[in-house]
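> Below is one structure. I have some questions about it.
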Amino acid sequence: MKNQLTGEIKDRLDAAKKIVIASHVRPDGDAIGSLLGLGLSLREGGKSVQMILVDGVPSSFRYLEGSDLIQKEPSKDHDTFITVDCADFKRVGKAFENFSQPDINIDHHVTNEKFGKINLIEADEVATAAILTNHLPEWGLKITKPVAAALLTGIITDTLGFRTPNTTPEALRQAAALMEAGVDMPEIYMNSLVRKTFPAAKFWGAGLSSLESKHHIVWGTLTLKDRKSAGYGGNDDADLINMISAIDGNKVGMVFVEQNDNHVKISWRALEPGVDVSAVAKYFKGGGHAAAAGADIEGSLSEVQKEVLKKTRELLNL
């Protein structure tokens, strides 16, 4: 079945001339790495490619070669539409509301709704970038140094530097193969997981000072006031969830991030094997996989936090 799917994708890519590739709102390293990896390899193969992130590229990933080519709005002049690292179609953002069904949907989330005409979903892979690392050569596409850097970024960030419970020997072999393309892995690790801007560090401080722990759950809260005070320009958690995931003695880590539009963004992380946080995210119409998941929920911060903590305990028997 997988060979048939990858063959169909190769035929579709071979026939394509003008391609739009999109990934999800509030993009993380895998969204950016997968988008760039596929987009740059297709451009290298002579295709016209639009790479779209409606929220743009966060400053921490702008060091990646080709990131300046990513745009916020697509042109309708295309013959092929591809999504990467999106569990459901609405995650690509409002700029795609009038777009037709994606021709190809490539993802690793177990909660993927298979909304494309062709759906390559490999939930056993640590990142969508890992799927592309395996299949780009099969599709006749080159993994150049910039492509390898993008793909390695996706793998490193989605495994938190090979620290998540789903890290496999295969993921390490994929990373080694990408390094052999000339990529400096320590540089990517530092840029994507370690270095922070001063505003991001201040934002972290606010989140860390809010930490609470109960029923084997540890969580932090970031308000709009915190964001303004820190001068942080993003609407995400500045990867605070990664710090919370390192706190010992809990089963689940969470971050609540208040948004401007009466919504709250929630990130979950499983802090020990056997905990599947994707089930909780799916309940709240979000998505993800066993080790990491997220959702956006309408409502005030206090109301959403109370309901989400309650349901997290119930669904995970905490």
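Taken together, the values in this text are just the output of simple stated rules run on the coordinates, not laboratory data. Not measured: the values here are computed from a predicted model. Backbone-built Cβ (ideal geometry, glycine too); neighbour counts: all protein chains shown.
> Within region 170-217, work out how many residues are part of a helix (DSSP H, G or I) and more than 23 Å from residue 130 (Cβ to Cβ).
12
> Next question, about the same structure. Across region 279-307, which residue is nearest to residue 164 (Cα to Cα) among those that are among the aliphatic types (A, V, I, L, M), surrounded by fewer than 23 Cβ atoms within 10 Å (Cβ to Cβ) and in contact with a Phe, Trp or Tyr (Cβ under 8 Å, 6 or more places away or on another chain)? Can you show your working first?
First, the residues of region 279-307 that are among the aliphatic types (A, V, I, L, M): 279-281, 290-293, 295, 297, 301, 304.
Now restrict to residues that are surrounded by fewer than 23 Cβ atoms within 10 Å (Cβ to Cβ): 279, 290, 295, 297, 301, 304.
Now restrict to residues that are in contact with a Phe, Trp or Tyr (Cβ under 8 Å, 6 or more places away or on another chain): 295, 297, 301, 304.
Numbers: 295: 20, 297: 25, 301: 28, 304: 27 Å.
Only one residue fits best here, namely 295.
> Continuing with the same structure: Out of (1) surrounded by fewer than 19 Cβ atoms within 10 Å (Cβ to Cβ); (2) within 21 Å of residue 194 (Cβ to Cβ), the odd one out for residue 276 is which?
(2)
> Continuing with this model, one more query. State which residue is surrounded by the fewest Cβ atoms within 10 Å (Cβ to Cβ) when the search covers only region 175-199 and only residues that are touching a residue at least 12 places away in the same chain (Cβ under 8 Å) and under 18 Å from the mean Cα position of the chain (by Cα).
Step by step, filter region 175-199, then rank; the result is 189.
> Just one of (1) touching a residue at least 40 places away in the same chain (Cβ under 8 Å); (2) out of contact with any Asp or Glu (no Cβ under 7 Å at 6 or more places or on another chain); (3) surrounded by fewer than 17 Cβ atoms within 10 Å (Cβ to Cβ) trips up residue 98, so point out which.
Only one criterion is unmet by residue 98, namely (1).
> Pick out, from region 221-318, the strands (runs of 3 or more DSSP E) lying fully within it that include 1 or more residues that are of a type in the set (Phe, Trp, Tyr).
By residue number, 252-258, 263-270.
> Please count how many residues of region 149-169 are touching a Ser or Thr at 6+ places or on another chain (Cβ under 9 Å) and not in a loop (DSSP other than H, G, I, E, B).
9
> Further, regarding this structure: Could you list, in sequence order, the residues of region 81-95 that are among the charged types (D, E, K, R) and either without any contact (Cβ under 8 Å) to a residue 12 or more places away in the chain or in contact with a Phe, Trp or Tyr (Cβ under 7 Å, 6 or more places away or on another chain) (or both)?
Result: 88, 90.
> Separate question: Six or more apart or on different chains, Cβ under 7 Å: which pairs go from a residue in region 24-51 that's farther than 16 Å from residue 294 by Cβ to one that's charged (D, E, K, R)? Could you list them?
That search, which allows pairs on different chains as well, returns 34/85; 41/142; 44/142; 47/17; 48/17; 48/18; 49/43.
> Continuing with this model, one more query. Looking at 34, 48, which one is polar (S, T, N, Q), crowded, with 22+ Cβ neighbours inside 10 Å and under 27 Å from residue 182 (Cβ atoms)?
Numbers: 48 fails: crowded, with 22+ Cβ neighbours inside 10 Å.
Going through 34, 48 in turn, just one is polar (S, T, N, Q), crowded, with 22+ Cβ neighbours inside 10 Å and under 27 Å from residue 182 (Cβ atoms): 34.
> If you go through region 112-135, how many residues are surrounded by fewer than 20 Cβ atoms within 10 Å (Cβ to Cβ) and either touching a Ser or Thr at 6+ places or on another chain (Cβ under 6 Å) or assigned to a helix (DSSP H, G or I) (or both)?
Residues in region 112-135 being surrounded by fewer than 20 Cβ atoms within 10 Å (Cβ to Cβ) and either touching a Ser or Thr at 6+ places or on another chain (Cβ under 6 Å) or assigned to a helix (DSSP H, G or I) (or both): 2 in total.
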